[in-house]
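Some notes on the structure that comes next.
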Amino acid sequence: MEDAAFSHPEINVTVFRPSVVFGQGDRFLTLLAALQKSQLLIPVTAAQTEFQPVYVGDVVEAIAHALQNDATIGQICTLVGPNVYSLRELFMLTGTYTGHAKSLWEWSSKIAFWKRFFYPGEILQHGEFGFMQLASHHTLDPISAEALAAEMNIALTSIEDVAPAYLVQSTRNA
């Protein structure tokens, strides 16, 4: 898709590649919190997998900046948050914020297929099983993230800044 967009020089294109996005109503941190609320033990594969989540508001700010700044035309902007977290750390944070912290039970990838029988269908929908096993496809680099944020005049928002409030609310309503 990007190649097709860039192949038409008459079209001004800026490409955004956001990492996994978090914010109120997300299906990322909210899912991790919901799993902890509903399960006694959380089976995970590759708990050391790292993510550099980006806040939805920061993505919106980056897009707004690009719309007003011709210097972004022809650029590819990887949008990531200020911090790198392992999946284990993300489970710990969401569990702490919601008061539903559970132990993780790490499974080998060879038997990970069976995890889906431990999760209720309404929580772990088709496709989300795989997302928890995959690393973010973006380079994990807080220094690059800060450089792009400075260039676009964005103060990067961390999970710790916004997630506690919306995760508590989401697990109360669930």
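With a cut-off of at least 1 residues that are in contact with a Lys or Arg (Cβ under 8 Å, 6 or more places away or on another chain), name the helices (runs of 4 or more DSSP H) lying wholly within region 1-114. Don't jump to the end; show me each part of the working.
On the way: elements: 2-6, 29-38, 56-67, 87-98.
Where helices (runs of 4 or more DSSP H) fall fully within region 1-114 and carry at least 1 residues being in contact with a Lys or Arg (Cβ under 8 Å, 6 or more places away or on another chain), they are 29-38, 87-98.
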**Asked** Take the residues of region 154-171 that are of a type in the set (A, V, I, L, M, F, W, C) and in a loop (DSSP other than H, G, I, E, B): which is nearest to the chain's Cα centre (by Cα)?
**Response** L156
**Message:** Residues to consider are L87, L79; find the one that is within 12 Å of the chain's Cα centre (by Cα) and farther than 21 Å from P164 by Cα.
**Reply:** L79
**Asked** When both residues are 6+ apart or on different chains and their Cβ atoms are under 8 Å apart, which pairs have a first residue that lies in region 94-105 and is closer than 13 Å to V44 by Cβ and modelled with pLDDT of 85 or more, and a second that is open to solvent by less than 70 Å² (accessible area, probe 1.4 Å) and of a type in the set (K, R)?
**Response** G95/K102
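The values are calculated or read from the model by the stated rules, or taken from the named source; none is laboratory data. Just so we're clear, the structure is a prediction, and the values are computed from it rather than from any experiment. When we count neighbours, we look across all protein chains shown, and the Cβ atoms used for this are built from the backbone with ideal geometry, even at glycine. What goes into the accessible areas is simple: the full protein's heavy atoms, side chains included, and nothing from ligands, DNA or RNA. Shrake-Rupley method; radii C 1.70, N 1.55, O 1.52, S 1.80 Å.
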